[in-house]
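Below is one structure, written out as structure tokens, with a few remarks after it.
The values are calculated or read from the model by the stated rules, or taken from the named source; none is laboratory data. On a predicted model such as this, the values are computed, not experimentally measured, just so you know. Methodologically, a virtual Cβ is constructed for each residue, glycine included, from the backbone with ideal geometry; neighbour enumeration extends over all protein chains shown. Accessible surface is based on the protein model in full, side chains and every heavy atom, while ligands, DNA and RNA are left aside. Shrake-Rupley method; radii C 1.70, N 1.55, O 1.52, S 1.80 Å.
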Amino acid sequence: FRILNIAMKKLAAGDFTVRIDLTTKIASYEFDELTTSFNLMAEQLGSVEMLRSDFINNFSHEFKTPIVSVKGFAKFLKRNDLSDNERNEYLDIIINEADRLATLSQNVLSLSKIENQTIITNYETYDLSEQIRCAILLFESKWLSKKLDLDISIDDVLFNGNEELLNHVWLNLIDNAIKFSSEHGKIVIKLVENNDDVVFTIKDNGLGMNLDTQKHIFDKFYQGDNSRIIEGNGIGMTIVKKAIDLCFGEIFIDSKLNHGTTIIVSLPKQKRQEPCVK
């Protein structure tokens with residue numbers, strides 16, 4: 001047990017690279033299992049630490065960038081030789097960056113709140129169709145400015161679930177569809193009630209995603225190559241996935257680069273015993 005004791009101390013000190021092999025010391029099924037379990041634990045702890053480190057680094061970058069921008073353009077505003085157009089342009093940039101900071105802060109708070117939830121207790125029956133219609137109207141100025149064609153087909157659905165939690169899902173998915181659509185593009189939104197579940201579908205013919213982006217789309221702060229040219233902070237889809245998991249639902253993504261994206265959300269009418277986490 002000396003080997004195990006030393007490895008445990010290293011693990012407690014933060015060395016997640018430590019591994020043991022008791023199988024060469026003692027021929028026993030129990031020690032084989034202990035070796036496998038310990039090494040798996042060390043590997044998973046290392047992965048968690050890496051994710052934590054990445055989260056801090058990415059958040060620091062996302063938070064620092066608009067602050068630097070605000071500071072730089074505020075310095076420009078102190079100059080006396082600026083034209084009215086230049087001054088207004090710099091003020092607009094500062095306002096936009098301030099909005100970006102506010103959105104980032106709100107998203108991080110929402111994500112933190114959702115991640116700390118393990119079960120939902122405050123279920124209530126509410127008008128799901130009206131909730132989705134309101135979410136669409138909330139972005140009216142955005143889809144009108146891009147001259148998007150919206151094809152909306154929504155069944156009247158009364159749904160028993162967590163209204164606040166699911167609102168995060170619709171807002172993020174609709175916002176993304178608009179954000180990644182080109183001008184004069186088309187977005188199809190459907191809500192269908194079946195015997196066992198309700199199915200929400202949103203389809204756009206915008207930028208689309210490659211396979212690597214689809215693989216990491218739910219990772220915190222992840223943004224695919226195409227999304228680098230579009231405003232965002234890579235938290236929205238993480239919130240979407242966690243919220244759907246908590247609601248015992250499933251989300252499916254079908255996308256092809258430069259050929260648009262289809263996202264399907266399926267929510268069961270009957271509450272399950274365990275969230276559908278994948």
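Looking at the stretch 227-239, is at least one residue at pLDDT 90 or above, open to solvent by less than 60 Å² (accessible area, probe 1.4 Å) and within 17 Å of the chain's Cα centre (by Cα)? Looking for residues that are at pLDDT 90 or above, open to solvent by less than 60 Å² (accessible area, probe 1.4 Å) and within 17 Å of the chain's Cα centre (by Cα), one finds none in the stretch 227-239, hence no.
Confirm whether Ala7 is assigned to a helix (DSSP H, G or I), modelled with pLDDT under 85 and over 33 Å from the mean Cα position of the chain (by Cα).
Details: assigned to a helix (DSSP H, G or I): yes; modelled with pLDDT under 85: yes; over 33 Å from the mean Cα position of the chain (by Cα): yes.
In short, yes.
How about the stretch 246-263: which of its residues are modelled with pLDDT of 90 or more, open to solvent by less than 60 Å² (accessible area, probe 1.4 Å) and not small (Gly, Ala, Ser)? Glu250, Ile251, Ile253, Thr261, Thr262, Ile263 - these are the residues of the stretch 246-263 that are modelled with pLDDT of 90 or more, open to solvent by less than 60 Å² (accessible area, probe 1.4 Å) and not small (Gly, Ala, Ser).
Which pairs have Cβ atoms under 7 Å, sit 6 or more apart or on different chains, and link a residue in the stretch 202-217 that is closer than 22 Å to Ala135 by Cβ to one that is in a helix (DSSP H, G or I) and open to solvent by less than 40 Å² (accessible area, probe 1.4 Å)? Once the first residue is closer than 22 Å to Ala135 by Cβ and sits in the stretch 202-217, its partners that are in a helix (DSSP H, G or I) and open to solvent by less than 40 Å² (accessible area, probe 1.4 Å) give Ile202/Leu173; Ile202/Ile174; Ile202/Ala177; Asp204/Ala177; Ile217/Met237.
If the condition is being open to solvent by less than 50 Å² (accessible area, probe 1.4 Å), of a type outside the set (Phe, Trp, Tyr) and more than 22 Å from the chain's Cα centre (by Cα), then the stretch 123-142 contributes only Ser129. Residues of the stretch 185-223 being within 25 Å of Lys146 (Cβ to Cβ) and of a type in the set (D, E, K, R), which ones? Lys186, Lys190, Lys203, Asp204, listed by residue number. With the structure loaded, tell me whether Phe55 is at pLDDT 70 or above, under 31 Å from the mean Cα position of the chain (by Cα) and among the aromatic types (Phe, Trp, Tyr) or whether it fails that test. When the stated conditions are applied, Phe55 does not pass them.
Is it fair to say Gly46 is within 29 Å of the chain's Cα centre (by Cα), under 27 Å from Val108 (Cα atoms), modelled with pLDDT of 75 or more and not hydroxyl-bearing (Ser, Thr, Tyr)? Spelling it out, it is not the case that Gly46 is within 29 Å of the chain's Cα centre (by Cα), under 27 Å from Val108 (Cα atoms), modelled with pLDDT of 75 or more and not hydroxyl-bearing (Ser, Thr, Tyr). Of note, Leu211 does not satisfy the criterion of being in contact with a Ser or Thr (Cβ under 7 Å, 6 or more places away or on another chain) and open to solvent by 80 Å² or more (accessible area, probe 1.4 Å). For the stretch 101-117, the criterion of being modelled with pLDDT under 80 and over 30 Å from Lys64 (Cα atoms) is met by none of the residues. For the stretch 148-171, a residue qualifies if it is touching a residue at least 40 places away in the same chain (Cβ under 8 Å) and of a type in the set (A, V, I, L, M), and the qualifying residues are Val157, Leu165, Leu166, Val169. Taking the criterion of being part of a strand (DSSP E or B) and free of Cβ contacts under 8 Å to residues at least 40 places away in the same chain, the residues of the stretch 172-201 that qualify are Lys186, Val188, Lys190, Val192, Glu193.
Checked against the criterion of being touching a helix residue (DSSP H, G or I) at 6+ places or on another chain (Cβ under 7 Å) and either among the basic types (Lys, Arg) or more than 30 Å from Lys242 (Cβ to Cβ) (or both), the stretch 101-116 has no qualifying residue.
Quick grid of which residues meet (1) surrounded by 13 or more Cβ atoms within 10 Å (Cβ to Cβ); (2) in a helix (DSSP H, G or I):
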{"residue": "Pro66", "(1), (2)": "yes, yes"}
{"residue": "Val70", "(1), (2)": "yes, yes"}
{"residue": "Lys78", "(1), (2)": "no, no"}
{"residue": "Asp81", "(1), (2)": "no, no"}
{"residue": "Glu86", "(1), (2)": "yes, yes"}
{"residue": "Tyr90", "(1), (2)": "yes, yes"}
{"residue": "Asn96", "(1), (2)": "yes, yes"}
{"residue": "Leu101", "(1), (2)": "yes, yes"}
{"residue": "Ser105", "(1), (2)": "no, yes"}
